Amino acid sequence: MNNTLLIIGSACLSLAFIETGIPFKVRRYFNAKRIKPFDCEGCLAWWIGIFSSIFFEKNTLEVIYIGAVALVTAVIINKWLNT
């Protein structure tokens, strides 16, 4: 149950941050092409999943699993919401 919350929470947090438009305003301000991982929902979900699972002291395989599934979940939710 805890892993599920970390996965869905990481995916939703990354989507919510990107939908605010903050990364695109920062990118326009600095005249940058990309500011990874902040402008990609998959990349941001991966890193949030990694850091949150490290924070909650998961083992190494769980950390990678949570980050990867959070990435896929964020992409699926984004496609589902934008269709």
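Quick note: the coordinates plus some simple rules give every number you see, no bench work behind them. Computed from a predicted structure; not experimentally measured. Don't worry about glycine lacking a Cβ; one is built from the backbone with ideal geometry, like all the others, and counts go over all protein chains shown.
Identify, please: which residue in the stretch 30-61 is of a type in the set (D, E, K, R) and surrounded by fewer than 16 Cβ atoms within 10 Å (Cβ to Cβ) and is, among those, farthest from Asn2 (Cα to Cα)? Show your work before the answer.
Within the stretch 30-61, the first condition is being of a type in the set (D, E, K, R), and the residues that meet it are 33-34, 36, 39, 41, 57-58.
With the extra rule that they be surrounded by fewer than 16 Cβ atoms within 10 Å (Cβ to Cβ), the set shrinks to 33-34, 36, 57.
Working: Lys33: 36, Arg34: 33, Lys36: 28, Glu57: 12 Å.
Top of the filtered list is Lys33.
Can you tell me which of (1) without any contact (Cβ under 8 Å) to a residue 24 or more places away in the chain; (2) part of a helix (DSSP H, G or I); (3) among the acidic types (Asp, Glu) is the one Glu62 doesn't meet?
Result: Glu62 passes all but (1).
Residue check: is Ala68 small (Gly, Ala, Ser) and in contact (Cβ under 8 Å) with a residue 40 or more places away in the chain?
Numbers: small (Gly, Ala, Ser): yes; in contact (Cβ under 8 Å) with a residue 40 or more places away in the chain: no.
So Ala68 fails the test.
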